[in-house]
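Data block below; observations after.
The values are calculated or read from the model by the stated rules, or taken from the named source; none is laboratory data. Here the structure is a predicted model, which means the values were calculated and not measured. Neighbour counts are summed over all protein chains in view; Cβ atoms, including those assigned to glycine, are modelled from backbone coordinates with ideal geometry. When the accessible area is computed, the model is the full protein with side chains, heavy atoms only, and any ligands, DNA or RNA have been set aside. Shrake-Rupley method; radii C 1.70, N 1.55, O 1.52, S 1.80 Å.
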Amino acid sequence: TDNNKQTFAVIHLYNRQFLIHLGDIICIEISIPIEIGERIKIEKCLLVGNSDFSLIGRPVLNRDLVQIEATVVEKTMSQTYFNMKHTPRDHGNIKYRFTRNPHTMLRINEIKVCHSLNDAQNRIN
């Protein structure tokens, strides 16, 4: 692909959709059971395109049509959320709750259309 034509994709991960470009870092609000530095292949791609073309899946594109790879950059916890529960009839009894959620940061390494577009169009139709 040309440098002026940046490919984008819409992917589906853990009940959320992300619009991604090459080199983006996305934050998934769940702990994935893999190590930092490992590469994963994302298979649920809803849409891919650039300024010249767009391929829209109904509902997802075929797995061998688009190849998206990401690297786990960081695994961390979110900021501490504070929740306070106070009921006046309990004579000043206040309950405090602190929560933190796991986060996983992914860097998008590759967005590649594996077949030429004319071949892909004939395969889809």
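Computed FRET efficiency, Cβ-Cβ of Ile94 and Cys27, R0 30 Å: what is it to the nearest 0.05? Working from the Cβ atoms, E equals 0.40.
Label point 7 Å out from His115 along Cα-to-Cβ: which residues of segment 34-63 have amide N under 20 Å? Answer for segment 34-63: 42-50, 52-63. Modelled label positions at His86 and Glu35, each set 7 Å beyond Cα in the direction of Cβ, lie 4.9 nm from each other. Within segment 12-66, the GluC sites (Glu not before Pro) that combine a DSSP coil assignment with at most 10 other C-beta atoms in a 10 angstrom radius are Glu35, Glu38. If the cut-off is a Cα-Cα distance under 20 Å, which aspartates and glutamates reach Lys75, setting aside same-chain residues fewer than 8 apart in sequence? Correct list for Lys75: Asp24, Glu29, Glu35, Glu38. Note on Lys85: lysines with a C-alpha under 25 Å away, same-chain residues under 8 apart excluded, are Lys95. Apolar share of the accessible surface for segment 1-103: 48 percent from carbon plus sulfur atoms, 1.4 Å probe. Only one of [x] 15.3, 49; [y] 20.6, 73; [z] 13.9, 43 was calculated from the structure for Rg and Dmax of the Cα atoms in Å, and its label is [y]. Under a model in which nothing but the beta-carbon of Lys, Arg (+1) and Asp, Glu (-1) is charged, the chain shows a dipole of about 680 debye around its Cα centre.
If R0 is taken as 25 Å, the Cβ-Cβ distance between Gln67 and Lys5 corresponds to a FRET efficiency of 0.90. The residues of the chain expose on average 71 square angstrom of accessible surface per residue, using a 1.4 Å probe on protein heavy atoms.
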